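Encoded as C-alpha cells, the structure appears first; notes follow it.
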Amino acid sequence: MRVLDVSHLRVEFGTEDGRIFAVKDVSFTLGRGEILALVGESGCGKSTVAMSIPRLLGDSNVTIGGSVRLNGADLSSLNEKEMQAVRGKDISVVFQEPMTSLNPAYTIGNQIAEVIRQHQKLSRQAAKARAIELLELVGIPDAARRLGAFPHELSGGMRQRVMIAIAVACDPQVLIADEPTTALDVTIQAGILDIFRRLRDTLGTSIILITHDLGVVADIADRVAIMYAGRIVELCSAQDVFSLPSHPYTRGLLGALPARAVMQGGRRRLTDIPGFVPPPTTDPDECQFAPRCPRATAECIIRRPALELVAAEHEVACYHPGPGDTP
Amino acid sequence: MTSVPKTTNLSTFGATGSRKSQAQWRRVMRRFLKRPLAVIGLVLVVAFILVAVFGPLLLPDPNKQDFATLLQPPSLAHLLGTDDLGRDVLSRIASGARVSLLAGVLSTTIAMVIGITLGLITGFYRGWFDVVFMRIIDVMLAFPFLIFAVGLAAILGASLTNVIIALGVSQIPEVVRIARGEAMAIREQEFVSGAVADGARDFTIMARYIAPNAASAFIVQATVAIPGAIIGEATLSFLGLGVQPPMASWGIMLTSAQQFLAQAPYLALFPGIAIALTTLGFNLLGDGLRDALDPKEKR
Amino acid sequence: MTRFILQRVITSVITLFLASIVVFIGARMLPGDPAQVLAGESADPALLEAIREQFGLNQPIWVQYFTYIGQALTGNLGVSTRDNIPVAEILLQRLPITLELAGLAILIGLVIGITAGVVSAVKRGTFVDYVATGFGLVGLSVPSFWLGLLAILLFAITWQVLPASGFVGFAEDPIGNLRGMILPATVLGIGLSAVLMRQTRAALLGQLSADYVRTARSKGVTRGREVSHALRNSLTTVVTVLGLQLGALIGGAIVTEQIFVIPGFGKLIIDAVAARNYPILQGAVLVAVTGYVLVNLLVDVAYAYLNPRMRLSGGSE
C-alpha cells in the first residue's frame, strides 16, 4: 500500500547569481511501514527533496514542480492553511541539527505540547500527560521532570530525542528524518535508529531517512534511492545496493567504503570520487555523472539516461549498468 | 536554514582564505550596484561632497549681509531665499555643507585611526593590557555623547576644531569594540596561525593579515559614523556649543530660523532638508555596503 | 545569574568611581578660578585666599576630590554660584521633568518601533514593509531638533492645536502638562522608534530563518505562532538596542528641552554652561553619568533575565 507518491518533483531556487536547479526530476513511492533511505553527497538535493514534501522550503523565490500524493490526495493542490493541518500530523520532520532546531526560549514540555494542542483537542493537562508519555517513548529518563527543562540543559542526543518526540506526537503516517544522526556521537546514533525501528514496528510509521552514511542504510533501510546532481540514479532494495550496485556512481560510493565496514554495519562517511559534483546552475540533457564516470561513452552526453528496470524492483539511470568492473 | 546547494569547491572563498581578492571586491561592487537604494545613497553622498567642495567657490559670499533683502522667500535672485541678515541661504547651505563634511570626515578619521590601532592591539595581545584598556573604554562609555560634548565645549570653548575633537573621541569606544572583536576572531584563523608559525612579526600580522580582513567591518562602521558626526555637529552648533557665527553651519542656521519660524518657515526647512538628505545618503550607502559585503545578512 | 549580577554591579561601581574622577578633573579644567568665580570679579587677594581656605581649594587635588565625593554621597553637591541654592535641590526639581519626557518618549518609541519592525519583517517585501523601512531610514536621518522645529511649525504655528512651549507641572495641571509634553515626547520618541524598528526588523528576520522556526512550521502551527517563536528570541535585541540608545536619548532630551523650553535637566546643563555656573554643571554631569551607568546595569540584568541560558546558568554548558 502506497502512503506517499512523489512524482516528477522539481525544485528551483532563484538567487542573485541565477537559478539553482536543486532537484531536477525525482519520483519515488513510499509504502506503509517502509523505511526509504535517500543517499547522496552533500548538495545532491536529497535534503531539498525531503523539505519540499511538507513544503518547508520557506524561501519565497523557490519553485516546486511535480506532485506529492499522500494516500492518493494531491498535497500540491492544498493551500497553506490546509497544509498546516498536514504538517506535524500526517507528515512530520526530524531535522539534522538538534542543537538549533529547538527554540532556546521555551521549555521542551512547551514545545512538545504545542504540536499536540495544534492538532488534537486536548486540555493543557492531557497534553502534558501525553508529552510525558512521548518523552518516555523516546527513552528520556525522568520524563516528568524534564518537561520544565530548556533545550540548552540537554545534550545533543537528548535534544534529538525531544525532536523525535515532537515529530511523532500525533502518530504521523510519514516521518521524514533529515540526517538525524549526523551531528551526534556514534554511540548515540544507534539509540536514535532504534527509536525509528521501534516506531515503524509498533505504529507502522513510514520513514524517509536522508543520510550520506551507508552504514545507517545497511542498518535500518528497506529501500534505497541514490541521488546525484538533483536526480535519483539508482532505486532498489537495501540488499541490492550492497550486493548488486549497478550505477557507476553507486559503485563509486561503495568503493569509497571499505568492504569490512559495510559488513559490520560500521558507519563511515562517503569520501569523494575523483572529479567534482557539477554545479546545480544548469540542467543539461546528458548524464551529469559522465565526466567522472569510468564507463562513460559518447551516448552518455548526447541524451540523459532515464531510470529503467534492470531487475525486479531495481531501477537504474545508466546506459552501462551492471555490477561488474567493466561494462 | 534552507540550504541552497553549494556550488563546486568553496575553499577558495574568503571565509577561511586570506584577504578578499580583487575578484571578490568586484563581486561586492556588482552586488552593491544592483541595489537601487544603495545607488541613490551613493548619488546623494557624491552630490553632498560636490556641493561642499565646489559650492562655496561658485556661489556668492555666504556672509555678505544685505539689509535691502531681509527674510526674502525663495526667488530667482536667491533660490532658497535670504535670512534675517539678508544673507543668501543657498550660499550658506553650501558653506554649511563644507563644515559638515569636515566635521563628519575628520572626526571619523580621528576615531578610526585611534580606535582601530588600539582595538587591534588590545584584541591581539589580550592579557592585562586588554583588561585595563577595556575599563578605560567603559569609563568613556559612561558619558552619554552630548553630555561629554557639552563638558568638552565648556572646558575648551566652542569651535569647529573642538567639535571635531569631541565627535572623534566619543566615537572611539565603538571603533575599538569592533576592531578588538575582529582582531580576536581573525587571530584564531588558520592563515594567521600559519603566519605566526612562519615567524612573522606581530606588527606585520596585524597590518598585513588582520587589518585588511577587518576592512569591510571598518568601512561599514565609517558609513555609520560619518552621518552620526554630521548630525552631532549640527546638534552642537544648534545648541551654541559648536561652530560659532558668522560661520555658516546647518545647525546654526536652524538656531536662527527658530526665531523666525512664523515669518519665514523656509529658513527652517532648507538646512533641515540638507541634513536629512545627507544623512539619508550615508545611511543608504552604509546599508547597501553592508548587504553587499555580507550577503548572508539579508537572507 | 546572581554571580553575573554581582559581577556587573562591581564593574559598574568601579566605572562610576573612575568616571567621577574624570568629572572632577574636568571641572577643575573649566576656565576661570573657582575662588574668583565665588568672590566676584573685583575681589581682593585676601578674600580670594580666605575663600580658597574655606572651600579647601588650596589642598591637594585628591583631598579635594574625596571631600567632594564624600559630600556628594551624602547628597551635598555644593551650591549654585548664581543664587546660592543647593545644587542637589535644583537637580531634584529638574530631574522628574526630564524623566517624564524620556519615559513618554521611550513608550512612544517602543510602541511605534516594535510594531513597525515586526510588521515589516513579517510582511517582508510588501508595500507595508517598504513604508515601514522608509520610515525607519528617514527617522534615522532626520535630526530630532529639526523634527522639533517642524512639529512646532505645523502643530503650534500653522494649526495651533498644541503649545510650542510653556511647561506646566503635572501636579498643577495634568492635562496642560501632557499637552505640553506630547510634541517633545513624540519628536524624541520617533528617533528612537526608527532605530528600534530597524533593529527589530533585522533581528526578527534573522530569527525567522532560524532552525527552530522551521521546526515550529513543521509542527503545522500558524504563521502567527511562527512569528511569536521568533519574536521571543528577538526581545533581547530590543533590550540591547534600548540600552545602547539611552545615550542618544539623553542627548535628544537636552536638545528637545531647549527647543520646547522645558525646564528639565538638559536645559539646566546648557544654561549652566552659558552662565558658567560650574557647580551646577559638575553636579548635573555627575548625576547624569551615574544614572546612565545604573540604567545600563538594569538593561544588562533585564537582558540576562530574558535569556534563559543566562537566567538558569550555574551548571550545564
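The values are calculated or read from the model by the stated rules, or taken from the named source; none is laboratory data. It should be emphasised that the depicted structure is a prediction, and the values quoted were computed from it without experimental measurement. For neighbour counting, all protein chains shown are included, and Cβ atoms are generated from backbone atoms with ideal geometry for every residue, glycine included.
If the requirement is being more than 9 Å from chain B (Cβ to nearest Cβ), buried (at least 17 other Cβ atoms within 10 Å of the Cβ), basic (Lys, Arg) and part of a helix (DSSP H, G or I), which of these qualifies: C:ARG179, C:ARG214, C:ARG201? Break it down stepwise before answering.
Values: C:ARG179 fails: buried (at least 17 other Cβ atoms within 10 Å of the Cβ); C:ARG214 fails: more than 9 Å from chain B (Cβ to nearest Cβ).
Step by step, each of C:ARG179, C:ARG214, C:ARG201 is checked, and only C:ARG201 is more than 9 Å from chain B (Cβ to nearest Cβ), buried (at least 17 other Cβ atoms within 10 Å of the Cβ), basic (Lys, Arg) and part of a helix (DSSP H, G or I).
Please determine, by comparing only the residues of the stretch C:143-170 that are assigned to a loop (DSSP other than H, G, I, E, B) and within 23 Å of the chain's Cα centre (by Cα), which one is modelled with the highest pLDDT.
First pass over the stretch C:143-170, keeping only residues assigned to a loop (DSSP other than H, G, I, E, B): C:143, C:159-170.
Within this subset, residues satisfying the condition of being within 23 Å of the chain's Cα centre (by Cα) are C:143, C:164-170.
Values: C:PRO143: 89, C:ALA164: 82, C:SER165: 81, C:GLY166: 75, C:PHE167: 83, C:VAL168: 84, C:GLY169: 83, C:PHE170: 85.
Once the filter is applied, the top-ranked residue is C:PRO143.
I need the full set of residues from the stretch C:30-58 which are modelled with pLDDT of 80 or more and surrounded by 12 or more Cβ atoms within 10 Å (Cβ to Cβ), in order please. Hits for the stretch C:30-58 are C:LEU30, C:LEU47, C:LEU48, C:GLU49, C:ALA50.
If only one of A:PRO294, A:PRO284, A:PRO305 is in a loop (DSSP other than H, G, I, E, B), surrounded by fewer than 18 Cβ atoms within 10 Å (Cβ to Cβ) and either modelled with pLDDT of 90 or more or in contact with a helix residue (DSSP H, G or I) (Cβ under 7 Å, 6 or more places away or on another chain) (or both), which one is it?
None of the other options fit; the residue is A:PRO294.
For the stretch B:123-144, a tally of residues being at the interface with chain C (Cβ under 10 Å from one of its Cβ atoms), part of a helix (DSSP H, G or I) and free of Cβ contacts under 8 Å to residues at least 12 places away in the same chain returns 4. The condition of being buried (at least 16 other Cβ atoms within 10 Å of the Cβ), part of a helix (DSSP H, G or I) and away from chain C (no Cβ under 14 Å) holds for only one of B:ILE164, B:ILE178, B:ILE147, that being B:ILE164.
Looking for something within 13 Å of chain B (Cβ to nearest Cβ) and crowded, with 16+ Cβ neighbours inside 10 Å - is there at least one such residue anywhere in the stretch C:161-170?
Checked the stretch C:161-170: at least one residue is within 13 Å of chain B (Cβ to nearest Cβ) and crowded, with 16+ Cβ neighbours inside 10 Å.
Scoring B:TYR209 on the criteria (1) outside any helix (DSSP H, G or I); (2) more than 10 Å from every other protein chain (Cβ to nearest Cβ); (3) not charged (D, E, K, R) leaves a single failure, condition (1).
Kindly evaluate C:LEU242 against the criterion of being surrounded by 22 or more Cβ atoms within 10 Å (Cβ to Cβ), within 29 Å of C:ASP33 (Cα to Cα), hydrophobic (A, V, I, L, M, F, W, C) and in contact with a helix residue (DSSP H, G or I) (Cβ under 9 Å, 6 or more places away or on another chain). No, not satisfied.
Restricting attention to the stretch A:1-55, the residues that are under 21 Å from C:THR215 (Cα atoms) and of a type in the set (Lys, Arg) total 2. Which residues, taken from the stretch A:79-105, are more than 7 Å from chain C (Cβ to nearest Cβ), assigned to a loop (DSSP other than H, G, I, E, B) and more than 22 Å from the chain's Cα centre (by Cα)? Selection gives A:ASN79 alone.
Give me the residue from the stretch A:106-142 that is within 25 Å of the chain's Cα centre (by Cα) and within 10 Å of chain C (Cβ to nearest Cβ) and, out of that set, nearest to A:ALA73 (Cα to Cα). Ranking the candidates gives A:HIS119 first.
Of the helices (runs of 4 or more DSSP H) lying entirely inside the stretch C:227-317, those carrying at least 2 residues that are in contact with a Gly (Cβ under 9 Å, 6 or more places away or on another chain) and modelled with pLDDT under 90 are C:265-275, C:278-306. Just give me the residues in the stretch A:308-319 being loosely packed, with under 12 Cβ neighbours inside 10 Å and not in a strand (DSSP E or B), in sequence order. Selection gives A:ALA312, A:GLU313. Being touching a Gly at 6+ places or on another chain (Cβ under 6 Å) and at pLDDT below 90 is the requirement here; does B:PRO5 meet it? Here the answer is yes, as B:PRO5 does meet what is asked. In the stretch C:226-254, the residues that are in contact (Cβ under 8 Å) with a residue 60 or more places away in the chain form Cβ pairs under 7 Å with partners that are of a type in the set (Gly, Ala, Ser) and surrounded by fewer than 21 Cβ atoms within 10 Å (Cβ to Cβ), at six or more places apart or across chains, as follows: C:VAL239/C:ALA302.
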